[in-house]
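Quick notes on the structure that follows.
The values are calculated or read from the model by the stated rules, or taken from the named source; none is laboratory data. Owing to the predicted nature of the structure, the values given are computational and were not obtained by experimental measurement. Methodologically, a virtual Cβ is constructed for each residue, glycine included, from the backbone with ideal geometry; neighbour enumeration extends over all protein chains shown. Heavy atoms of the whole protein, side chains included, go into the accessibility calculation; ligands, DNA and RNA do not. Shrake-Rupley method; radii C 1.70, N 1.55, O 1.52, S 1.80 Å.
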Amino acid sequence: MDEAKQEELFWKKIEAEEKIEPKDWMPEDYRKNLIRQISQHAHSEVIGMQPEGNWITRAPSLRAKKVLLAKIQDEAGHGLYLYSACETLGVSRDTLIEQLHQQKAKYSSIFNYPVLSWADIGAVGWLVDGAAIVNQVSLQRTSYGPYSRAMVRICKEESFHQRQGYEIITQMANGTAEQREMAQDALNRLWWPSLMMFGPTDKDSPNSAKAMKWKIKRESNDLLRQRFIDKTVPQAEILGLSIPDPDLELQADGSYKFGEINWQEFYDVVQGNGPCNKQRLDHHIKAHNEGAWVREAAIAYGMSKSKETIAA
Amino acid sequence: MDNAIYNYALRMGDTCLILSHRLAERCSNGPFLEEDIAMTNISLDLLGGADLFLSLAAEVEGEGRSADDLAYRRNERQYYNHLLAERPNKNFAHVMMRQFLHDALLHPLYTGLKLSKNEHLAGIAEKGVKESAYHIRHSSMWIVRLGKGTDDSKEKLQDALDDLWTYTGEMFEYNDEEATLAKDGVIPSFEELKTTWLKTVKEVFNEAGLEVPKDKWMATGGRQGVHSEFLGHMIAEMQYLPRAYPDAKW
Amino acid sequence: MSEVKDNQGPLWEVFIQSKNNLPYKHAGSVHAFDGEMALQNARDLYTRRGEGRAIWVVPSNQIISSVPTDEDSFFDPSDDKIYRHPTFYTVKEGVKNM
């Protein structure tokens, strides 16, 4: 089949809401865009293990410790599902990690903010996972089959994450004066970065328009951001915590008007100038390098094993 | 209060808790993502075991304390974990060796404890025996992999074994109280556990091509609450929030 | 595996049987350096919530797949063999459970 015909077939499938599968023909740009988005998503899950992992040994109760461990484990798992989805596009995980280390691939800017108190752990679950879920629910309908299937699985598993976070924040908002202060402080610091997680506004997001055409992305950044805000503001009100946005205003249609996001800060962090960018990347590189001899040993052992199998 | 059961549950609970803590420190530091998940999984299992043992201790004590109180409000001199559990995460070989040496004990221990005359202990073991069967499968495979992998991995693993062997003797120490528990069929006999343990580790080390260190001086003290300097730091970190905000509920 | 280019280990496809007597279903993939490791990694990754009672792992490069351009010749011929489906047959009213 010639390429024009292949492309026509591709668009027909997109049109008909059919999934594109790994062995199907796809435009090179589509493939590139997918790799960029899925790997960024995978790296985010994995880098996200660091700020939370930082608190496992300090979790204030055995129950809290168990839940946090289980949650971080899920995140590692989600990273894996996503790497696998990305690998079906013909790029190895090794290459993806290399791109991360060379800063050719990005991860969610939210993880470049420090997680400073136990209330932050609550806020991460409530706001960061909350924002991620809004995005992921939408992505279940993405046009690439393996990505869509990974999203379905992830959404199913993530449903407890946000509850875990909200439970912590609730406990603290209803706790001692000091706890309440920590909860408000966490919200103050993490509110705006959570809104930035949805990416630039639609008018400043050329990638996103393309991705929408291909149905890689299903809903626009601004729409998803608005959905998150409308869902989250009442949750804060129930706790008596105040959203750090003086311009926030409930409108007649039930949605919230909100203040201007500091886009300069967003672009700074994306370009590497956030509070924890270097720390996060250094940590990942260090762990990767320290594990090199283990992987080499495992490769050597695996080779001798498969020789045995063939000989038998 | 049944002192013997209380002490035994504390020792077991503390050992599981501290070992779990060490594994949790490894989170996001694994050699590859799948292994990171395996480690946190084992850490989580051990934490579950710690919770059960400490809950039992708290119940036996009968003074209204909870498992959390025992974990978060005792100081390092009141912790009774094996010294082996608190050895630091020097490298992957150390982590895996420490884990294997424990797994080779915990699996037969839970297997014996399942038959305990004390139904609480038997209940804890019911769960533990399944988890520990998986743990030893995981760690013994890694011992073989690293032992048969490259010269470098074998050397690192042998180093780990030579370093950690000193801390294994203590796991089989017992006092009169524990001898009575064993005689009454409440806990498995330490002598028998040692025989099983030694057989397992020798088999696996043999397959991995490791040399079992000559029996030398064995460290002791954990069971009396006399630890290495490492434990204080672990506990300070673990207990910081409840200690800093004693009135707060978490 | 003969060609280990990726130092993350080769890929394995994971199939899970969720209950006795159900078919094995493709769950996803894992990296592992040998079969036993693949089995353990699959267990840790895909059965964290009790999703399975049995697992198969297969090296991904051992999977032989049909190609999409074959779709027509490969699958269409079965479309017209409707007699393979029970609804092809008329059964007298009143006959139950056939």
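Collect residues whose amide H, placed 1.01 Å from N in the peptide plane, falls under 5 Å from the amide H of residue C:27; neighbours closer than 5 in sequence don't count.
Under 5 Å from the amide H of residue C:27 lie the amide H atoms of C:14, C:15, C:16, each far enough along the sequence or on another chain.
Just the number, please: carbon plus sulfur as a percent of the accessible area of chain A, 1.4 Å probe, no ligands or DNA/RNA counted.
That fraction is 53 percent.
Any idea of the total accessible area buried by the B-C contact, 1.4 Å probe, rounded to 100 Å²?
Adding both sides of the contact gives about 1200 Å².
How large is Rg/Rh for region C:11-84, to two decimals, with Cα atoms and a Kirkwood Rh?
Checking Rg against Rh, the ratio lands at 1.13.
P(r) of the protein assembly as shown in 20 Å steps, Cα pairs, percent per bin?
Histogram of Cα-Cα distances, whole percents per bin: 17, 46, 30, 7, 0.
Taking a threshold of 24 Å on the Cα-Cα distance, which of the pairs A:23/C:25; B:127/B:216; A:13/A:217; A:32/A:203; A:23/A:106; A:32/A:104 fall above it?
Correct reply: B:127/B:216; A:23/A:106.
Of the accessible area of chain B, with the probe set at 1.4 angstrom, what percent is carbon plus sulfur?
Answer for chain B is 49 percent, counting heavy atoms of protein chains only.
Taking the Cα atoms only, what angle lies between the long axis of helix B:151-164 and the longest principal axis of chain B, rounded to 10 degrees?
Roughly 30 degrees, rounded to the nearest 10.
With r as the distance between the Cβ atoms of residue B:215 and residue B:1 and R0 = 35 Å, compute the FRET efficiency 1/(1 + (r/R0)^6) and round to 0.05.
Taking R0 as 35 Å, the efficiency between residue B:1 and residue B:215 is 0.40.
Where the eigenvalues come from the Cα gyration tensor of region B:2-244, what are the semi-axes √(5λ) of the equivalent ellipsoid, largest first, in whole Å?
28, 21, 17
For chain A, what is the convex hull (Cα atoms) projected area averaged across all directions, in square nanometres?
So the mean shadow area of the Cα hull is 20.3 nm².
Mind checking the alpha-carbon convex hull of region B:59-107 and giving the volume per residue in Å³?
With only Cα atoms used, region B:59-107 gives 111 Å³ per residue.
Which residues belonging to region C:12-34 lose at least 40 Å² of 1.4 Å-probe accessible area when the assembly is complete, relative to their chain isolated?
Flagged in region C:12-34: C:31, C:33, C:34.
Write down the accessible area per residue of region B:67-107 in Å², having rolled a 1.4 Å probe over the full set of protein chains.
For region B:67-107, the per-residue accessible area is 26 Å².
What does the buried accessible surface come to for A and B, summed over both chains, with the probe at 1.4 Å? Round to 100 Å².
It comes to approximately 3900 Å² buried between A and B.
Just to be sure I understand: if you take the accessible area of chain A alone plus chain C alone and subtract the pair, with a 1.4 Å probe, what total do you get in Å², rounded to 100?
2100 Å²
Could you tell me how many degrees, from 0 to 90 and to the nearest 10, lie between the Cα long axis of helix A:28-47 and the main elongation axis, the longest principal axis, of the Cα atoms of chain A?
Approximately 50 degrees, to the nearest ten.
Rank A:181, A:265, A:8 by accessible area, highest first, at a 1.4 Å probe radius?
A:181, A:8, A:265
Tell me, which residues of region B:217-244 get at least 50 Å² less accessible area when the other protein chains come in, versus the chain alone (1.4 Å probe)?
With the partner chains in place, region B:217-244 has these residues losing at least 50 Å²: B:237, B:241.
What Kirkwood hydrodynamic radius do you get for region B:20-88 when you take the inverse of the mean 1/r over all pairs of distinct Cα atoms, in Å?
13.5 Å
Find the accessible area per residue for chain A; the probe is 1.4 Å, ligands and nucleic acids are left out, and the unit is Å².
Roughly 42 Å² per residue, with all protein chains present.
So what is the relative contact order of chain B, in percent, for Cα pairs below 8 Å that sit 6 or more residues apart?
24 percent
Relative to the isolated chain, which residues of region A:45-73 have their accessible area cut by 20 Å² or more in the presence of all protein chains (1.4 Å probe, heavy atoms, no ligands or nucleic acids)?
Those residues are A:49, A:55, A:56, A:57, A:58, A:60, A:61, A:62, A:65, A:66, A:69, A:73.
Tell me, what are the semi-axes, in whole angstrom and largest first, of the equivalent ellipsoid of region B:25-159 as set by the roots of 5 times the Cα gyration tensor eigenvalues?
Working from the Cα gyration tensor, I get semi-axes of 30, 18, 13 Å.
Apply the Karplus curve 6.51 cos²θ - 1.76 cosθ + 1.60, θ = phi - 60°, to the phi angles in region A:100-110 and return the couplings in whole Hz, x for Gly and Pro.
5, 5, 8, 6, 7, 10, 10, 9, 4, 5, 4
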